[in-house]
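Notes for the one structure printed next.
The values are calculated or read from the model by the stated rules, or taken from the named source; none is laboratory data. Not measured: the values here are computed from a predicted model. Neighbour counts run over all protein chains shown; Cβ positions are idealised from the backbone, glycine included.
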Amino acid sequence: MKKWMLLMVAALLSASAMADEVTLIGLLGAKAMLRINGKQQILAVGQEAGGVKLLRLDANSASVQVGKQSRTLQLGEGYVTVSASQGDGAGSIVVAADEGGHFYVDLKVNGQAQRGLIDTGASNLSMSQVMADQLHIDYQKGRQTAAKTANGLAKVWVVTVPRVDINNLALFSVEVAVIESAGLDTILVGSSVLNRFQMKRDNGVLTLIRK
C-alpha cells in the first residue's frame, strides 16, 4: 500500500512538471534570465531550476528542456510545455451582450485578471503598451510592426504569451499585439484567441465552442 502511494505521488509530480511556463527575458553573458512559473531564475548552461534545464545559449536565443520536451526560445518568447493528455481541451463559453450589444469576457494573463472585449476585426489579442506593462508582458523584444490608429501610425510589438485564461478556459501560446498608444483602454480579444473556437450568436447570446 505504501509503495502504491509513493508511485501515485511520483506520477502526479511528473504530470505537473509537464505544464511549466517558461519565458526567456534576458541574456547575461554566459547565462540566461528565465521566468519559470512566474519566478525569475538565472541559469548557466547545464544548470536546472524549477524543472527547467538550460541546454544551450546563442546570441539572441536559448534552448531549454522541461521533462522530455525541449525548445529554442528567442528573447521575449515564452511557452507552456504540455503533455499529450493536456492542452486546450474541450469547453465552451457563453456570453450575454451588454446594453450596447458588446460581448465581454474575463481574462487572466500572468496571473492577473482583466476584462476583454470580443472583437472579430482584431487580428490578435490586442492591448495598449500601458496595459502590457501592468500585466508584466515582456513585449519590447517581440516582432515589431505598425498599425493605423486614430492618431496615425503606431508602433506594434507582437509577442507570444505562454498562457491566457478566458472565462477559466486555458489557452496556450497565444499571440498578443501590444500597441504603442494609451488610447486603447480595453483588451481586444481578436483572432489569435477566437480562431480556437467555433462562434454562434443567437438573440444577444454569443457561444464560443472550443475546436
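Overview of values
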{"item": "Restricting region 102-112 to residues that are at pLDDT below 90 and surrounded by fewer than 14 Cβ atoms within 10 Å (Cβ to Cβ), the residue that is nearest to Ser181 (Cα to Cα)", "result": "Gln112"}
{"item": "Every residue from region 153-174 that is surrounded by 19 or more Cβ atoms within 10 Å (Cβ to Cβ) and charged (D, E, K, R)", "result": "Arg163"}
{"item": "Count of region 32-52 residues which are crowded, with 17+ Cβ neighbours inside 10 Å, touching a residue at least 12 places away in the same chain (Cβ under 8 Å) and at negative phi", "result": "6"}
{"item": "Within region 125-145, tally of residues that are out of contact with any Leu (no Cβ under 8 Å at 6 or more places or on another chain) and surrounded by 18 or more Cβ atoms within 10 Å (Cβ to Cβ)", "result": "7"}
{"item": "Yes/no for Gln114 being under 17 Å from the mean Cα position of the chain (by Cα) and without any contact (Cβ under 8 Å) to a residue 60 or more places away in the chain", "result": "no"}
{"item": "Test: residue in region 57-67 that is modelled with pLDDT of 90 or more, over 21 Å from Val161 (Cβ atoms) and crowded, with 18+ Cβ neighbours inside 10 Å", "result": "yes"}
{"item": "Test for Leu117: is it at pLDDT 90 or above and either part of a loop (DSSP other than H, G, I, E, B) or farther than 30 Å from Ser61 by Cβ (or both)", "result": "yes"}
